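What follows is one structure encoded as C-alpha cells, with my remarks underneath.
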Amino acid sequence: MVPGWVATYWMKHLNQIEISAKPLANFWMKTAYRVPAGMFPATLPFRSQAAGTTVPITEMVVNSLIADPLEGSEVERDGFQIQGVAWDRGSGIGRVEVSLDGGATWIDALLDRPLGPYAFRRFSLETDFLPRGRYRLASRATSNAGERQPESLRWNPGGYHNNAPRVITVTVT
C-alpha cells in the first residue's frame, strides 16, 4: 500500500517478490491500469512508466460521498442529517459542500477534525424544515491544495478516477 495512491496496484495474494530494473510489460501494467496523459493531477508522476499518450494510474483524486441517508430513503420534513466522507491524495480535505437540488446550489457542510493527510474526513449537514417532495442530494469536496471534484465525469477508456458528485434521491415525507 502506498498512501495517496489508488488501490489498483494493491496485492491481493503475494507468492513471490521480484526485483527488476525494468518496468513490467504485462497486460495490467502496460495496457489496463492507465489513463490519458495529462488528464489527472499527479504530484509524483511515475515517469518511468509513461508511454506517450497514457500514464499509469497513481495518485487518488479528490472525492466524496454521502453515506447517510441512503438512496431512496424517506426522511422527516422537520429536518434530517446528511453524513459522508471525503478524501484526496494527501493534502487533506479543506471543504465539503452539499447540494439538496442535484448540484444547482451548494451549502457548506461541517467537517470533523482532520485525522491525517491520507485519512477520510467526515462531514455532516443538518437540514432545516423542508417541504414534502423528492430531493437530489450530492456532495463535492475541495482539497487543501485547491483541487475540487469536477461537475461531471472525465471520461477515459478504463473509467478510472470517476470522482464526479454522486446524486442520491430521498423523499421528504
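Summed over the stretch 105-126, residues that are outside any loop (DSSP other than H, G, I, E, B) and within 13 Å of Gln83 (Cα to Cα) total 9.
Rundown of residues vs (1) assigned to a loop (DSSP other than H, G, I, E, B); (2) in contact with a strand residue (DSSP E or B) (Cβ under 7 Å, 6 or more places away or on another chain); (3) of a type in the set (A, V, I, L, M); (4) modelled with pLDDT under 95, yes/no style:
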site: Gly84; (1), (2), (3), (4): no, yes, no, no
site: Val98; (1), (2), (3), (4): no, yes, yes, no
site: Gly103; (1), (2), (3), (4): yes, yes, no, no
site: Ser139; (1), (2), (3), (4): no, yes, no, no
site: Asn156; (1), (2), (3), (4): yes, yes, no, yes
site: Asn162; (1), (2), (3), (4): yes, no, no, yes
site: Arg166; (1), (2), (3), (4): yes, yes, no, no
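This table checks each residue for (1) out of contact with any strand residue (DSSP E or B) (no Cβ under 6 Å at 6 or more places or on another chain); (2) of a type in the set (S, T, N, Q); (3) over 22 Å from Ser91 (Cα atoms).
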site: Trp28; (1), (2), (3): yes, no, yes
site: Pro45; (1), (2), (3): yes, no, no
site: Gln49; (1), (2), (3): no, yes, yes
site: Asp68; (1), (2), (3): no, no, yes
site: Ser73; (1), (2), (3): no, yes, yes
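Within the stretch 14-48, the residues that satisfy the criterion of being among the aromatic types (Phe, Trp, Tyr) and at pLDDT 85 or above are Phe27, Tyr33, Phe40.
What number of residues within the stretch 20-63 satisfy the criterion of being assigned to a loop (DSSP other than H, G, I, E, B) and touching an Asp or Glu at 6+ places or on another chain (Cβ under 8 Å)? Lay out the reasoning, then the answer.
Taking the stretch 20-63 as the starting set, the residues that turn out to be assigned to a loop (DSSP other than H, G, I, E, B) are 20-26, 33, 37-46, 50, 52-53, 57-58, 60-62.
If we keep only those that are touching an Asp or Glu at 6+ places or on another chain (Cβ under 8 Å) as well, we get 40-44, 60-62.
Counting residues in the stretch 20-63 that are assigned to a loop (DSSP other than H, G, I, E, B) and touching an Asp or Glu at 6+ places or on another chain (Cβ under 8 Å) gives 8.
Suppose we filter Leu14, Leu110 for residues that are aliphatic (A, V, I, L, M), over 16 Å from the mean Cα position of the chain (by Cα) and not assigned by TED's automatic domain parsing to the domain that holds Arg154; which single one remains? Show your work before the answer.
On the way: Leu110 fails: not assigned by TED's automatic domain parsing to the domain that holds Arg154.
Only one candidate passes the filter, namely Leu14.
Mind listing whichever residues of the stretch 51-65 are of a type in the set (A, V, I, L, M, F, W, C) and either in contact with a strand residue (DSSP E or B) (Cβ under 7 Å, 6 or more places away or on another chain) or surrounded by 18 or more Cβ atoms within 10 Å (Cβ to Cβ) (or both)? Even if it seems obvious, please write down each step before you answer.
Step one: list which residues in the stretch 51-65 are of a type in the set (A, V, I, L, M, F, W, C), which gives 51, 55, 57, 60-62, 65.
Across the stretch 51-65, the qualifying residues are Val55, Ile57, Met60, Val61, Val62, Leu65.
Condition check: under 30 Å from Val35 (Cα atoms), in contact with a strand residue (DSSP E or B) (Cβ under 6 Å, 6 or more places away or on another chain), polar (S, T, N, Q) and not assigned by TED's automatic domain parsing to the domain that holds Thr31. Does Ser124 satisfy that? I'd like the intermediate steps shown before the answer.
Working: under 30 Å from Val35 (Cα atoms): no; in contact with a strand residue (DSSP E or B) (Cβ under 6 Å, 6 or more places away or on another chain): yes; polar (S, T, N, Q): yes; not assigned by TED's automatic domain parsing to the domain that holds Thr31: yes.
For Ser124, the condition - under 30 Å from Val35 (Cα atoms), in contact with a strand residue (DSSP E or B) (Cβ under 6 Å, 6 or more places away or on another chain), polar (S, T, N, Q) and not assigned by TED's automatic domain parsing to the domain that holds Thr31 - is not met.
Yes/no per residue for (1) farther than 28 Å from Gly4 by Cβ; (2) touching a helix residue (DSSP H, G or I) at 6+ places or on another chain (Cβ under 8 Å); (3) buried (at least 20 other Cβ atoms within 10 Å of the Cβ):
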{"residue": "Gln49", "(1), (2), (3)": "no, yes, no"}
{"residue": "Ala67", "(1), (2), (3)": "no, no, no"}
{"residue": "Arg121", "(1), (2), (3)": "no, no, yes"}
{"residue": "Gly133", "(1), (2), (3)": "yes, no, no"}
{"residue": "Arg136", "(1), (2), (3)": "yes, no, no"}
{"residue": "Arg140", "(1), (2), (3)": "no, no, yes"}
{"residue": "Gly146", "(1), (2), (3)": "no, no, no"}
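Going by the conditions given, is Phe129 more than 30 Å from Thr31 (Cα to Cα), of a type in the set (Phe, Trp, Tyr) and in a loop (DSSP other than H, G, I, E, B)? Taking the combined requirement at face value, the residue satisfies it.
The values are calculated or read from the model by the stated rules, or taken from the named source; none is laboratory data. What you are looking at is a predicted structure, and each value in this text was computed from that prediction instead of being measured. Note that each Cβ is placed from the backbone with ideal geometry, even for glycine, and that neighbours are counted across all protein chains shown.
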